[in-house]
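Worksheet for the structure shown next.
The values are calculated or read from the model by the stated rules, or taken from the named source; none is laboratory data. This one's a predicted model, so the numbers in the text were calculated from it and none came from an experiment. Every residue, glycine among them, receives a Cβ derived from its backbone with ideal geometry; neighbour counts consider all protein chains shown. Ligands, DNA and RNA are excluded from the accessible area calculation, which covers all protein heavy atoms including side chains. Shrake-Rupley method; radii C 1.70, N 1.55, O 1.52, S 1.80 Å.
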Amino acid sequence: MIIKPKIRGFICTTAHPIGCAEIVRREIDYVKAQKPIEDCPKRVLVIGASMGYGLASRIALAFGGKADTLGVMYDKPPQGSRTGTAGWYNTEAFEECAKDAGLYAKTVNGDAFSPDIKDMVIDVIKKDWGTCDMVVYSLAAPRRCLYDSEDGENDTIVSSVLKTIGEDYTNKTINLQTGEITKVTVTPATDEEIANTVKVMGGEDWEEWIEALSDAGVLDPKAVTIAYSYIGPELTHPLYKDGTIGKAKENLIETAKKLEAENDGISAFVAVNKALVTQSSSAIPIVPLYISVLFKVMKGKGFHEGTIEQMYRLFADKLFGAESEISTDENGLIRMDDYEMSPDVQAEVAAIWEMINSDNAKELADISGYQHDFLELFGFDVPYVDYNAEV
Ligand code: NAI
């Protein structure tokens with residue numbers, strides 16, 4: 001079949017296997033061209049391994065640090081005339097390249113929130129490794145099933161929302177299909193919505209994973225675990241840092257402290273990453289316009305990074321291989337958003353933000369770069385891929 005992108009709102013319902021594989025190979029080549037990651041853990045579990053920061057973490061640790069990896073994802077294989085999901089094709093390509101390089105790579109496909117998937121992963125670790133020495137927690141999920149009913153039929157499902165807390169927030173946003181800039185008002189969440197967002201995107205499931213692995217005796221007593229967060233500039237604070245998702249991230253940070261306190265010897269970190277185009281960030285109002293402006297500024301200054309550059313730098317320079325102690329900010333966070341948040345970048349972004357409108361958006365923001373990165377997430381618009389060829 002010939003596969004074309006079918007975009008509905010902020011998701012693409014098709015994915016291109018050759019394009020996805022090409023991007024995975026490109027990221028692997030990037031890592032192979034860097035210096036090796038010193039002192040890298042060698043048996044790494046990556047939860048949320050098929051897209052975005054989780055996939056980039058897996059690639060960086062495997063090809064930069066020669067780590068064996070076990071991934072957890074929630075993806076669909078191709079069926080009839082429906083393509084598989086991008087995460088499915090990414091993982092297929094990753095496993096093939098890892099095996100060719102003599103690296104162990106297996107993936108469990110199913111709901112990471114479920115006790116069954118945790119048990120399945122524990123069985124694989126017991127059988128294949130004995131213990132794992134690193135856990136990357138990189139889930140970005142719109143909802144979570146709580147698996148709280150006897151029959152499984154009546155389980156509660158809670159959803160995360162991207163809303164403010166307390167007051168409305170109005171700012172500019174972009175329609176990425178048309179390039180039109182309009183005002184959007186984000187409304188405040190109810191207490192229940194805030195609590196549900198924390199359930200989905202906070203640290204509870206991360207903690208359940210670490211507990212389950214530790215109780216089963218498959219977590220190395222000196223294991224390292226890491227999860228990801230975002231802070232961003234003031235213009236995004238009402239709906240991110242100070243909004244529902246920010247509450248969930250506060251909980252994630254508290255969880256890191258709790259994991260260290262309750263598991264003697266374990267190191268738990270939260271890295272604050274750069275804003276990038278991923279399936280999750282595309283769903284947040286205002287943020288895609290901010291990212292388009294940010295990309296224009298950072299590309300202009302020559303220090304733009306994608307997920308793979310961020311994750312390679314995290315592991316090679318900050319977490320492992322660091323010459324002295326791991327450098328964190330006053331809240332104990334590893335700041336991978338250091339270039340994004342540098343005062344000169346943020347001053348330029350703020351100046352552009354004031355001026356930008358539908359007429360000048362194409363010059364002032366990297367709209368085409370955003371659109372390209374969005375298509376690439378699904379394996380489209382990748383150089384040298386023949387999209388008219390049968391797949
Ligand atoms: P993404 O949408 O690209 O990837 C999410 C991954 O989670 C995919 O592999 C997906 O298969 C997996 N997943 C989702 N629900 C699942 C489930 N129920 N069971 C198993 N796997 C499941 O997301 P992205 O953007 O890479 O986000 C990862 C983390 O990084 C999140 O914590 C996010 O808040 C954080 N982050 C993202 C930033 C961005 O700009 N995209 C910036 C800073 C942090």
Anything in the range 244-270 that is aliphatic (A, V, I, L, M) and open to solvent by less than 30 Å² (accessible area, probe 1.4 Å)? List them, or say none. 245, 248, 252, 256, 259, 266, 268, 270
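Condition (residue is in a strand (DSSP E or B) and either within 12 Å of the ligand (Cβ to nearest atom) or buried (at least 21 other Cβ atoms within 10 Å of the Cβ) (or both)) applied to the range 72-91: is it met by at least one residue?
Of the residues in the range 72-91, the ones in a strand (DSSP E or B) are 72-73, 79, 82.
Remaining after also requiring either within 12 Å of the ligand (Cβ to nearest atom) or buried (at least 21 other Cβ atoms within 10 Å of the Cβ) (or both): 72-73.
Checked against the condition, which is being in a strand (DSSP E or B) and either within 12 Å of the ligand (Cβ to nearest atom) or buried (at least 21 other Cβ atoms within 10 Å of the Cβ) (or both), the range 72-91 yields at least one hit.
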Can you give me the number of residues within the range 183-212 that are away from the ligand (no atom under 16 Å from the Cβ) and open to solvent by 60 Å² or more (accessible area, probe 1.4 Å)? 7
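Do you know which residues across the range 160-170 are more than 12 Å from the ligand (Cβ to nearest atom), of a type outside the set (A, V, I, L, M) and open to solvent by 30 Å² or more (accessible area, probe 1.4 Å)?
163, 166, 167, 168, 169, 170
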Considering only the range 122-154, how many residues are surrounded by fewer than 17 Cβ atoms within 10 Å (Cβ to Cβ), at pLDDT 95 or above and among the acidic types (Asp, Glu)? 2
Restricted to the range 18-34 and to residues being over 20 Å from the mean Cα position of the chain (by Cα) and touching a residue at least 24 places away in the same chain (Cβ under 8 Å), the residue most open to solvent (accessible area, probe 1.4 Å) is 32
Looking at the range 170-192, I want the residues that are under 20 Å from residue 11 (Cβ atoms) and have a partner that is part of a strand (DSSP E or B) and at pLDDT 95 or above with Cβ atoms under 6 Å, at least 6 apart or on another chain. Which pairs are those? 186/164; 186/169
When you check residue 305 against the structure, is it of a type outside the set (S, T, N, Q), more than 23 Å from residue 339 (Cβ to Cβ), surrounded by fewer than 22 Cβ atoms within 10 Å (Cβ to Cβ) and within 14 Å of the ligand (Cβ to nearest atom), yes or no? no
The one condition residue 220 fails out of (1) in a loop (DSSP other than H, G, I, E, B); (2) over 30 Å from residue 360 (Cβ atoms) is (1)
State which residue pairs qualify: first residue closer than 16 Å to residue 31 by Cα and inside the range 92-112, second residue among the acidic types (Asp, Glu) in any location, beta carbons under 7 Å apart, and separation of 6 or more residues or different chains. 103/68
Pairs please, first residue from the range 274-296 and modelled with pLDDT under 90, second anywhere and among the polar types (S, T, N, Q), Cβ atoms under 6 Å, 6+ apart in sequence or on different chains. 285/173
(1) in contact (Cβ under 8 Å) with a residue 24 or more places away in the chain; (2) within 15 Å of the ligand (Cβ to nearest atom); (3) out of contact with any Phe, Trp or Tyr (no Cβ under 9 Å at 6 or more places or on another chain); (4) in a loop (DSSP other than H, G, I, E, B): which one isn't true of residue 337, the others all being true? (3)
Just one of (1) within 11 Å of the ligand (Cβ to nearest atom); (2) open to solvent by 30 Å² or more (accessible area, probe 1.4 Å) trips up residue 241, so point out which. (1)
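Is it true that some residue in the range 56-70 is at positive phi and either more than 13 Å from the ligand (Cβ to nearest atom) or not in a helix (DSSP H, G or I) (or both)?
yes
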Name the one entry in 388, 360 that is within 14 Å of residue 172 (Cα to Cα), more than 16 Å from the ligand (Cβ to nearest atom) and surrounded by fewer than 17 Cβ atoms within 10 Å (Cβ to Cβ). 360
Consider residue 231 against the criteria (1) within 11 Å of the ligand (Cβ to nearest atom); (2) of a type outside the set (D, E, K, R); (3) buried (at least 21 other Cβ atoms within 10 Å of the Cβ): it satisfies all of them except one. Which criterion is unmet? (3)
Checklist (1) buried (at least 20 other Cβ atoms within 10 Å of the Cβ); (2) part of a helix (DSSP H, G or I) applied to residue 112, failing item: (2)
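Hey, does the range 273-282 have a residue that's aliphatic (A, V, I, L, M), assigned to a helix (DSSP H, G or I) and buried (at least 23 other Cβ atoms within 10 Å of the Cβ)? Working first, answer last.
Restricting attention to the range 273-282, the residues satisfying the condition of being aliphatic (A, V, I, L, M) are 275-277.
In the following step, the residues that additionally are assigned to a helix (DSSP H, G or I) were identified as none.
So far as the range 273-282 goes, no, none of its residues is aliphatic (A, V, I, L, M), assigned to a helix (DSSP H, G or I) and buried (at least 23 other Cβ atoms within 10 Å of the Cβ).
Which strands (runs of 3 or more DSSP E) does the range 119-192 wholly contain that include 2 or more residues that are closer than 30 Å to residue 362 by Cβ and within 26 Å of the chain's Cα centre (by Cα)?
Details: elements: 132-137, 143-145, 157-159, 169-174, 181-186.
The qualifying strands (runs of 3 or more DSSP E) are 169-174, 181-186.
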Exactly one of 14, 69 is surrounded by fewer than 21 Cβ atoms within 10 Å (Cβ to Cβ), of a type in the set (S, T, N, Q) and in contact with a Lys or Arg (Cβ under 7 Å, 6 or more places away or on another chain), and that one is 14
